[in-house]
Amino acid sequence: MAERKINGVLKQVLDLGPTVIFFIVYTRIDERQFLIGGTEYSGFIVATLIFVPVLLVAMGILWALTGKLSRIQVFTAFMVIFFGGLTAWFNDERFFKMKTSIVYGCLAAILGLGLWRGRSYLEWVMGELIPMRHEGWMRLTRRIAAFFVFLAVFNEVLWRTQSTDLWVKVETFGFPALMMVFLVWQITALEPYMIKDDDAAT
């Protein structure tokens, strides 16, 4: 099924909305304890349990409107469901916090596997969106793989040494901002490798 285009603002709302809702819910109930089925849960875990179905609904709407979900979106949703379930089952917020490290670590490993095979999986996924020569894609893939490793390590240090409040803020706003700044920086730095209209014509 061909992907259908939707309004860019709506897509951003569906992509980022669940995380923002998680942040808002957490800030409202973070200091409360909830008795569910005879077990006491913290506000963080309850916010996690709310986040999972909200994410699934947002992804369902996105799939219904576009007819397609990216592999990264499906993988991220699976990890959220899996670690959200472990968080609730064991009543331990550490599972949900380490989810971020594992996601970034897996992405780095996947990109690294492609590089080891002499390929850029980024080019395979995004080549039609960003016209760039293969050498540029290889450079970008190496840098993003290294950046994912940095984010995974940073998240591990963050949640193990800092408060849950700080982790939630960094998870909601810090990581997306870092990713955006890094990608803009890289696309600008790799400008010499971009394929211009004149290059394509020749």
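Just so you know, all these numbers are worked out from the coordinates, no wet-lab data involved. This one's a predicted model, so the numbers in the text were calculated from it and none came from an experiment. FYI the Cβ positions are ideal-geometry reconstructions off the backbone, even for glycines, and counts take in every protein chain you see.
General remarks:
- Length released on extending from GLU31 to LYS11, taking residue separation times 0.36 nm less the Cα-Cα span: 4.0 nm
- Neighbours of GLY114 by Cβ distance under 12 Å: Lys/Arg scored +1, Asp/Glu scored -1, total +2.
- Alpha carbon convex hull of the range 1-91, volume per residue in cubic angstrom: 89 Å³
- Diffusion coefficient, µm² s⁻¹, Stokes-Einstein with Kirkwood Rh over alpha-carbon pairs of the chain at 25 °C and 0.890 mPa s: 131 µm²/s
- Debye intensity ratio in log₁₀ form over the Cα atoms of the range 93-195, taken at each q of 0.24 Å⁻¹: -1.23
- For the range 98-142, the spread of Cα coordinates along the three principal axes comes to 36, 22, 13 Å, biggest extent given first.
- Under 23 Å between alpha carbons - lysine pairs in the chain that sit 8 or more apart or on different chains: 5
- A viscosity of 0.890 mPa s and a temperature of 25 °C, combined with the Kirkwood radius over C-alpha pairs in the Stokes-Einstein formula, give the range 33-149 a diffusion coefficient of 150 µm²/s.
- Sorted by Cβ neighbour density within 10 Å, fewest at the top, the residues SER70, SER163: SER163, SER70
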